[in-house]
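**Q** Sharing a structure with you now.
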Amino acid sequence: MMMVLGLLASCTEDIVVDVPQGRRVPVVEGSITDEYKRHEVILSYSTALYDTIGREMISHAEVYVATGDDTIWFCEQENKPGHYLSDSVAGRKNRWYHLEVNIGENPLYPRPLHLYVDTKMANNAQGIDSVALVPKLDENDVPFVDDKAAVCVCPYFQTIADSTIVYNVELYLNGRLFKNRPSKLFNLFPMSGYAGYYFNGPEMLQDNVEVPVGIMNKSYLRDGDVVKVRLYSISRDYMYFLVGQKLAVGVNPVMGAFPAMFTNVFSNCDAIGWFNATSVIEGEGIYHEDIFQE
């Protein structure tokens, strides 16, 4: 038996899979919201599939956003190459934003690179009136117990009559981003079917059960915890970008080609990424353990 095992072991060898590599291209990541704060644009070059060094950032670029009435300049941070910040400013709903990126010397082409994005900030509700935290129920309308016990995060607010809106949902627990889920890219909530209603109001509810935009495992919560929900109003195109980005992570190259990456970046070269303009509403609720008591 030992001789057979030895022969089998001696027949193994490394197999190298030659995966075609795309050429490096500029990558744009950034956003502007209707919150009064400093907004960020991140510039880098794409990396090879099996790169172990990390991405190369793009420094010394000219970056600004034209709004029609004003120009918002983004300055590179001294301690973070490739990261460009604006002064504190708030965007406005239903307004177009034109991002301009000019890159002089670069390792890809003998000419300067010009990248630009035109995007419109989606509309949004005025705000969230309140946030209810209710137990997740089983098929018999009884709260789950043990490891299945969970809390549904249910905001109440007047929606607008725009079924194209998609909410990218973020949950915060006591001021910190809640990471009970693998990725916030799964937290996409299309408003189709809900637009125009008072969200979680009597005319919208079915069987008197609130509609959650997120779920939190009960084991993470303590009595008196503050749960905040933030709803980022995004376009369906940006939703497709987020979904495609998630699907591209962990794809086995042996099983087929990577999915095509959505982008809203135009340029005089190949470029990818997304610059997003989004409106944000938020609200808070207080968790009480007695919601699980009869």
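Computed from the coordinates by the stated procedures, all read-outs in this text should not be read as laboratory data. The shown structure was predicted, so the numbers you read here are calculated from the model rather than taken from an experiment. Cβ atoms come from the backbone with ideal geometry, glycine included; neighbour counts cover every protein chain shown.
**Q** Taking a 20 Å limit on the Cα-Cα distance, which of the listed pairs K37/K246; K179/K246; K93/K120; K136/K228; K136/K179; K136/K218 fall beyond it?
**A** K37/K246
**Q** Please order C75, C154, C269 by the number of other Cβ within 10 Å, starting at the fewest.
**A** Working: C75 13, C154 21, C269 16.
Listed from fewest to most nearby Cβ atoms, that is C75, C269, C154.
**Q** Test of the criteria: in the stretch 134-223, which trypsin sites (Lys or Arg not before Pro) are in a DSSP loop and have at most 15 other Cβ atoms within 10 angstrom of their Cβ?
**A** Values: sites: K136, K148, R176, K179, K184, K218, R222; in loops: K136, K179, R222.
Sites meeting the loop and neighbour criteria: K179, R222.
**Q** Follow-up. Which whole-angstrom value gives the distance between the alpha carbon centres of the stretch 52-86 and the stretch 200-250?
**A** Spelled out, the Cα-based centre of one part sits 31 Å from the other.
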